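Written out below as structure tokens is the structure these notes cover.
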Amino acid sequence: MNTLTRAGLGLLMTTAVATAQADDVKIGMITTLSGGGSHLGVDVRDGFMLAMNQADRDDLEVLIQDDARRPDLAKSLSNEFMQRDQVDILTGIIWSNLAMAVVPSVVRQGTFYLSPNAGPSDLAGRMCHENYFNVAYQNDNLHGAMGAYMRGQGFENPLLMAPNYPAGTDALAGFKHLFEGEVADEIYTQLGQTDYAAEIARIRASDADSLFFFLPGGMGISFMKQWESSGVEMPVFGAAFSFDETIIKAVGSAAIGAMNTSQWAYDLDNAANQAFVEGFQEAYERMPTLYAAQGYDTARLILSALDKAHPSDKDAFRDALRDADFDSVRGEFRFGSNHHPIQDIHVREVVEGEDGEPTNRLVGIAVKDIQDVYAEQCRM
């Protein structure tokens, strides 16, 4: 392992000695490694470092810091990375409110930012920038795909629920855009909320024929456990953020039968994905989530661009990123005009696995080659 890593805020990682050279590349990762939703950041980090370690390069240094899901800390860390450490590339942010606090300033100062998760609509549209690339999705994509899928399945009056922050409002806007029908109600919760008794009572009293919700991380775990004990009977739908492998195993049987959308699944049949899943399980002794897959693809994109140009040659490196000349775990991958992916969104069902634990099983494609609606607002 020749990639040099330096860790912050108590994070322990294997470090190998490398000789600093003038043309070495520094990558700063700011991600959530503690507190609520930390498993998202841990998986992004681990997927990213798996690809870096597999590449076995001695010209890279990865610096990792924990933002603790705080916008002010994320902003401070980005300034330290750029001014003190003089990183060439920043990445890692999970939460859209943190991305909005960090990314605009970073890219204006000439540093490349590659998002392995957060994809707020403003950064895809009116605030797009040539130095910003999103390797995951635009926030609407997975939710819009589920809206299209539910419409096709004959649901006519869904109730929608999400936290009141940029990714939450994007989620419900995206769902409604492709559902193209009336909804029973929209409920906005607090970010990080753990008690959903009032919301469940409101759902029970509604005339909805189904529930679609976006509650990533620990929020989804809390809600689904309370939902099971409530006795409310209603078909449940969501996106992978509320039904990743970590969440559904924590929720248990309550998750069985839920349908969710994702641009990635561990059982996608392509060679890059099979190698990734096997490598991740061998390295970390757990099944990867979509966050790990996004971290892995982000690192592989960076590595493919570094084969063509150094980040100091900004135009050449930017063109190399746009080419996306790497084998994605998703299969076909390409960027749209606003540097967000154009990709297939799949439907998965939570089923009981061979070990008796809940797991996701690929069902089919919800929407092919989806592109976000904000690209037309991008004047890049």
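The values are calculated or read from the model by the stated rules, or taken from the named source; none is laboratory data. All figures in this text were calculated on a predicted structure; none of them were measured in a lab. A quick note on method: Cβ atoms are made from the backbone with ideal geometry, for glycine too, and the neighbour counts reach across all protein chains shown. With ligands, DNA and RNA removed, areas are computed over all heavy atoms of the protein, side chains included. Shrake-Rupley method; radii C 1.70, N 1.55, O 1.52, S 1.80 Å.
Amide H to amide H, with H built 1.01 Å from N, G119 comes under 5 Å of N139, counting only residues 5 or more places away or on other chains. Rg and Dmax, both from the Cα atoms of region 285-336 and both in Å, are 12.3, 40.
A 1.4 Å probe run over region 158-246, with the rest of the protein chains in place, finds 37 Å² accessible per residue. With a 1.4 Å probe and every protein chain kept in, tell me what percent of the accessible surface of the chain is carbon plus sulfur. The value for the chain is 44 percent carbon and sulfur by accessible area. Heavy atoms of the protein chains alone define the surface here; on that basis region 252-356 has 39 Å² accessible area per residue at 1.4 Å probe size.
Its relative contact order, with pairs defined as Cα atoms under 8 Å and 6+ residues apart, puts the chain at 17 percent. The helix-based estimate of mean residue ellipticity at 222 nm for the chain, built from -39,500 (n - 2.57) per DSSP H run of four or more residues and divided by its residue count, is -12000 deg cm²/dmol to the nearest 500. Among 32-40, 116-124, sorting by the average number of other beta carbon atoms lying within 10 angstrom of each residue, highest first, gives 116-124, 32-40. Taken over the alpha carbons of the chain as equal point scatterers, the Debye sum produces base-10 log I(q)/I(0) values at 0.06, 0.08, 0.14 Å⁻¹ of -0.21, -0.37, -1.18.
Rounded to the nearest 10 degrees, the angle from helix 96-108 to the longest Cα principal axis of the chain is 30 degrees. For region 224-352, the extents of the C-alpha atoms along the principal axes are 59, 34, 25 Å, listed from largest to smallest. With the gyration tensor restricted to C-alpha atoms of region 255-319, the semi-axes of the equivalent ellipsoid amount to 30, 14, 10 Å, longest first.
3J(HN,Hα) along region 216-231: x, x, x, 4, x, 5, 4, 5, 5, 5, 6, 4, 4, 6, 6, x Hz, from the Karplus curve 6.51 cos²θ - 1.76 cosθ + 1.60 with θ = phi - 60°, whole Hz, x for Gly and Pro.
Within region 194-214, which residues have the backbone N less than 17 Å from the label spot 7 Å out from M234 along Cα→beta-carbon, could you tell me? Those under the cut-off are 195-214. Pairwise Cα distances in region 36-99 exceed 19 Å for 36 percent of all pairs.
Other residues with beta-carbon under 13 Å from the beta-carbon of Y291 carry, at +1 per Lys or Arg and -1 per Asp or Glu, a net charge of -3.
Taking only the C-alpha atoms of region 108-225, Rg followed by Dmax gives 15.8, 52 Å. Helix 141-152 and the longest principal axis of the C-alpha atoms of the chain enclose an angle of approximately 30°.
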